[in-house]
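For reference, the structure is listed below as structure tokens.
The values are calculated or read from the model by the stated rules, or taken from the named source; none is laboratory data. Just so you know, these numbers come straight off a predicted model, no measurement behind them. All Cβ positions, glycine included, derive from the backbone under ideal geometry; neighbour counts span all protein chains shown. We work out accessible area using only protein heavy atoms, side chains counted, and drop any ligands, DNA or RNA first. Shrake-Rupley method; radii C 1.70, N 1.55, O 1.52, S 1.80 Å.
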Amino acid sequence: MIIVGEKINATIPLVSTMIQNRDAQNLAALAQKQAAAGADYIDVNVAVGVGSREDEISAMKWAVETIQKSVDAPLCFDSADRAILETALDMNGDRFAMINSVKAEEDNLKEIIPLAVHHNTALIALAMDEQGIPKTVRDRLSACEKIAKACQKYGFSLDNLFFDPLVLPVSTDIRQGRVTLDTLTQIKKNFSGARTVMGLSNVSYGLPNRAGLNSAFLHMAIFAGLDAAIMDPLDQQIIGAVRTAEVLAGKDRHCRRYTRTFRRK
Ligand code: THG
């Protein structure tokens with residue numbers, strides 16, 4: 001499984017402060033710790049929510065420069081704003097990267113997919129459209145269909161696409177766990193070559209025993225065809241769940257990663 005480390009995200013108060021203070025030492029450490037814990041990509045979201053778009057552009061430039069100096073892992077640029085993504089990709093240079101994300105909305109597809117083509121990146125596509133996150137599997141698949149058509153139109157290979165079925169809290173709608181899992185299954189069935197990714201922790205929002213729920217959901221999702229997860233690689237319980245699921249789903253030859261993870265303890 002591909003692990004995208006989620007910790008460099010301005011919605012986390014300590015990280016927001018780091019970004020605003022241009023605290024390079026702690027930001028670099030956060031990138032290094034995630035890479036050492038097994039993150040294949042480092043997600044980068046610098047939208048602190050105060051200041052102008054120019055401020056966010058300047059924060060992204062600084063963050064990419066700082067993180068690149070400290071880790072070799074490719075970065076996953078997390079923004080809905082084309083200007084921010086463009087800045088990040090220009091700073092990123094020749095290194096491989098991932099764009100997070102595009103959705104099934106005409107203007108957004110037209111802005112983001114050509115950017116991914118131009119910079120030869122991987123791309124996360126959200127199973128949603130201009131009206132938001134659909135409640136049903138069928139409508140989420142329609143959004144994916146629209147995105148796949150746009151990829152074909154702009155010459156972006158599905159081999160570099162990661163569909164995100166989207167995760168909503170089961171505390172507000174008990175059907176949502178199944179909707180995500182069934183959407184995953186359908187995506188793998190309908191779009192050959194495309195891979196899947198999701199942000200894990202939203203499922204357990206508002207409930208106790210979050211790590212337990214997140215781990216169980218990860219097991220089910222890997223069985224349904226999940227290829228990548230945006231998650232906290234510093235959380236030992238979740239990393240344990242990843243390695244355990246890989247073994248049981250037949251995705252860890254000779255149980256190597258599993259043994260390496262649990263022998264150390
Ligand atoms: N899909 C895609 N991108 C996404 C999401 C998704 N990007 C944002 C988000 N969802 C995933 N990223 C985060 C980042 C931080 C936290 C949650 C999701 C977070 N972290 C707390 C912390 O580190 O302090 C707590 C971590 C925990 O308890 O597990 O809240 O769905 N494409």
Let me check I've understood the local charge: for Arg138, count other residues with C-beta under 11 angstrom from its C-beta, Lys and Arg +1, Asp and Glu -1. What total comes out?
-1
Per residue, the convex hull enclosing the alpha carbons of the range 120-265 has a volume in Å³ of 123 Å³
Heavy-atom accessible area of Arg195 with all protein chains present, probe 1.4 Å, nearest 10 Å²?
80 Å²
Quote the Stokes-Einstein diffusion coefficient, in whole µm² s⁻¹, for the chain, based on the Kirkwood radius over alpha carbon pairs, a temperature of 20 °C and a viscosity of 1.002 mPa s.
114 µm²/s
Rounded to the nearest percent, how much of the accessible area of the range 51-132 (1.4 Å probe, protein heavy atoms only) is carbon and sulfur?
42 percent
Cβ crowding within 10 Å averaged over residues, with 129-136, 197-204 ranked highest first
197-204, 129-136
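If each residue of separation counts as 0.36 nm, what is the full-extension length gain between Lys135 and His118 once their alpha-carbon separation is subtracted? Kindly include the intermediate steps, with their values, before the conclusion.
On the way: separation 17, 0.36 × 17 = 6.12 nm, distance 3.33 nm.
Between Lys135 and His118, full extension yields an extra 2.8 nm.
Out of all DSSP beta bridges with both ends in the chain, state the antiparallel percent to the nearest 5.
5 percent
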Checked against the positive end of the charge dipole of the range 100-233 (+1 on Cβ of Lys and Arg, -1 on Cβ of Asp and Glu, about the Cα centre), the farthest of Ala221, Cys151, Ser204 is Ala221
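Assigning unit charges at the beta carbon (Lys, Arg +1; Asp, Glu -1) and nothing else, what dipole magnitude in debye, to the nearest 20, does the chain show about its Cα centre?
Rounded to the nearest 20 debye, it is 1280 debye.
Only Cα pairs under 8 Å and at least 6 apart count here; give the relative contact order of the range 108-225 as a rounded whole percent.
Numbers: 164 pairs, mean separation 29.0, N = 118.
Averaging sequence separation for qualifying contacts and normalising by length gives 25 percent for the range 108-225.
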Mean separation of Cα contacts under 8 Å, 6 or more apart, over the residue count of the range 1-70: relative contact order %
42 percent
Å² of accessible area per residue within the chain, as computed with a 1.4 Å probe and no ligands counted
48 Å²
Note, ³J(HN,Hα) from phi for the range 232-242, Karplus 6.51, -1.76, 1.60, rounded to Hz, x at Gly and Pro
8, x, 7, 8, 4, 5, 6, 4, x, 5, 4
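Over 20 Å, how big is the tail of the calculated P(r) for the range 1-135, in percent of all Cα pairs?
Working: 3964 of 9045 pairs.
So the pairs more than 20 Å apart make up 44 percent of the total in the range 1-135.
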